[in-house]
Amino acid sequence: MKIIKASALLLLAIFCGKSLALSDDFNKEASISSDNQYIDIGKNVAVYKGNVKITQGSITISADRLEIYNHGNSGLELMVLIGKPARFSQTVDDGTIISAQASEVRFERAANVIKLSRKAQLTWGKNVVKGELITYDMIRKLLNADGDAERDNQVITILQPNEKVK
């Protein structure tokens, strides 16, 4: 059950923190399904492989692989989602959908830092940030996006205009 709770925290934490999530997401059952599950209790490692799907309330995640290090050490987990791409989606209280995708998503719970790497994209409603690495510090609420100068890939941000109130 601690793995499910840790995974659910990853899902929610990726972009908005608990206060912006649908209010009852964490009161709902979390489910992780995969083709294979491996847990090494002695090394505190859990690995889910193949068609990994995680759901909890409005949160959905899909990946090819989920690795959880320091499993069972609440607050110290390192979670790594790997996919082509790994995807995250959640609805927040105002109805906005937050989604993210990247080849690798890392969540360092002790530092409360999320790192999306390789073909990273973060979407909040209709606004989008794309880059090779997007890092979000949940405590300081800082987002940093980097491109890849060697491949001439710059960070791209697309902001939609405010809709006029009628």
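Here the extension length gained between residue 149 and residue 45 equals 33.9 nm, from 0.36 nm per residue of separation less the Cα-Cα distance.
Cβ-Cβ distance of residue 111 and residue 60, R₀ of 30 Å, FRET efficiency by 1/(1 + (r/R0)^6): the value works out to about 0.75. Between residue 24 and residue 93, the modelled labels are 1.5 nm apart [label points 7 Å from Cα along Cα→Cβ].
The simple Förster model, with R0 at 22 Å and r as the Cβ-Cβ distance, assigns residue 118 and residue 53 a FRET efficiency of 0.55.
Where a ≥ b ≥ c are the square roots of the eigenvalues of the C-alpha gyration tensor, would you call the range 43-166 rounded, which needs a/c under 1.5, or, failing that, prolate if a/b is larger than b/c, or oblate? It is prolate, given that a/c is not under 1.5 and a/b is the larger ratio.
Listing 108, 132 from fewest to most neighbouring C-beta atoms within 10 Å gives 108, 132.
Computed from the coordinates by the stated procedures, all read-outs in this text should not be read as laboratory data. Not measured: the values here are computed from a predicted model. Note that we place each Cβ from the backbone using ideal geometry, even for glycine, and neighbour counts take in every protein chain shown.
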